[in-house]
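The structure appears below as structure tokens.
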Amino acid sequence: MNADGPATAETLRGLLDLTRPGNTVAAGVLTFTGAFVAAGVDSSAVAVVASVAATIFATGAGNAVNDYFDRDIDRINRPDRPIPRGAVSARGALAFSVALFLGAVVAALALPLPAIAIAVVNLLALVAYTELFKGLPGVGNIVVAYLTGSTFLFGAAAVGRLTDSAALVLFALAALATLTREIVKDVEDLAGDRAEGLSTLPIVVGEGTALRLGAVVLAVAVAASAAPYLLGTFGIVYLALVVPADVLMLAAVRQSFSDPSNAQRRLKRGMFLATGAFVTGRAVDVVGIDVLGVL
């Protein structure tokens with residue numbers, strides 16, 4: 001028992017590491033955010049829980065299968081990952097990924113048809129990303145950007161508000177900002193990717209061209225962020241929070257031409273701040289409705 005104990009504990013830790021728990025939990029939070037932004041407190045608790053569970057399972061499964069396909073590269077670049085360090089076998093990682101995918105499917109079955117459709121598309125995209133899209137210049141970036149933004153869309157669809165304007169803008173903002181961040185990250189990893197023979201966007205079109213493209217994409221995202229205020233969906237509190245987020249992200253893009261490493265981290269912080277603006281905008285809206293009801 002004493003001999004098996006440490007090995008079992010290491011295997012369990014390896015399985016947890018395969019899911020990248022920080023990213024997985026964050027994806028679940030984003031789905032919850034999409035549901036809240038779209039419907040406020042007027043939503044089914046079952047639908048919200050099922051959508052968050054499906055997101056967590058699917059994200060964990062995608063991360064695990066990514067480690068399975070990247071196991072040879074990780075032996076060189078990331079020897080601390082579960083498969084290279086021997087905590088989990090390649091076959092075990094694949095079986096674990098399949099189990100998580102099945103969990104995502106089961107959770108998604110409790111949701112409306114549009115949410116199920118998004119879940120199916122995302123599951124296919126997660127599997128195809130590593131094998132088909134990851135090595136294509138720009139395409140892999142677009143897939144990652146869509147998957148990030150779709151967590152908000154999935155949450156909105158789960159509560160029957162797929163066409164909610166705020167949720168759609170949040171989806172677009174998150175996807176476009178993520179696309180810019182993915183491009184900046186590719187510039188940051190330029191030397192290593194070139195040494196490995198990869199064909200990322202900056203390698204194919206050049207570092208400067210890629211960064212300028214990222215800047216244009218982010219400018220579109222920033223313009224879209226004004227829509228909830230201009231359409232009267234959210235008020236001045238939302239605007240007061242989203243403007244600093246926009247400024248931070250625009251400053252990060254400018255910094256990316258000289259310091260892509262710090263720039264992509266600032267972009268991530270700006271994205272979280274923008275998400276907070278949407279959550280706060282909906283929360284103020286909910287409180288305002290309650291106050292009017294009392295009066």
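The values are calculated or read from the model by the stated rules, or taken from the named source; none is laboratory data. Here the structure is a predicted model, which is why all the values come from computation and not from measurement. Positions of Cβ are backbone-derived with ideal geometry, glycine not excepted, and every protein chain shown enters the neighbour counts.
Within this structure, A115 passes the test of being under 18 Å from the mean Cα position of the chain (by Cα), among the small types (G, A, S), assigned to a helix (DSSP H, G or I) and at pLDDT 90 or above.
When the criteria are applied in full, L267 meets the requirement of being crowded, with 17+ Cβ neighbours inside 10 Å, among the hydrophobic types (A, V, I, L, M, F, W, C), assigned to a helix (DSSP H, G or I) and in contact with a Lys or Arg (Cβ under 7 Å, 6 or more places away or on another chain). Just to verify a result, which residue in the stretch 254-264, among those that are surrounded by 15 or more Cβ atoms within 10 Å (Cβ to Cβ) and in a helix (DSSP H, G or I), is modelled with the lowest pLDDT? Taking the candidates together, the pick is Q264. Among the helices (runs of 4 or more DSSP H) confined to the stretch 140-253, the ones with at least 2 residues that are within 21 Å of the chain's Cα centre (by Cα) and farther than 16 Å from L30 by Cβ are located at 165-188, 207-225. The residues of the stretch 29-85 that are more than 22 Å from G281 (Cβ to Cβ), among the aliphatic types (A, V, I, L, M) and touching a helix residue (DSSP H, G or I) at 6+ places or on another chain (Cβ under 8 Å), listed by number, are A50, A53, A54, I56, A58, A61, A64, V65, I83.
Elements of the type helices (runs of 4 or more DSSP H) sitting completely within the stretch 1-111 and holding at least 1 residues that are in contact (Cβ under 8 Å) with a residue 60 or more places away in the chain and over 23 Å from A175 (Cβ atoms): these cover 4-18, 45-69, 71-77, 90-108.
Here's the yes/no breakdown for (1) at pLDDT below 95; (2) over 30 Å from V48 (Cβ atoms); (3) crowded, with 22+ Cβ neighbours inside 10 Å:
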position	(1), (2), (3)
A145	yes, no, no
G149	yes, no, yes
G160	yes, no, no
S165	yes, no, no
D193	yes, yes, no
G206	yes, yes, no
G232	yes, no, no
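Screening the stretch 167-191 for residues that are in contact with a helix residue (DSSP H, G or I) (Cβ under 8 Å, 6 or more places away or on another chain) and not hydrophobic (A, V, I, L, M, F, W, C) and picking the one that is modelled with the lowest pLDDT gives E188. Considering (1) closer than 30 Å to L132 by Cβ; (2) modelled with pLDDT of 90 or more, the lone condition that T280 does not fulfil carries the number (1).
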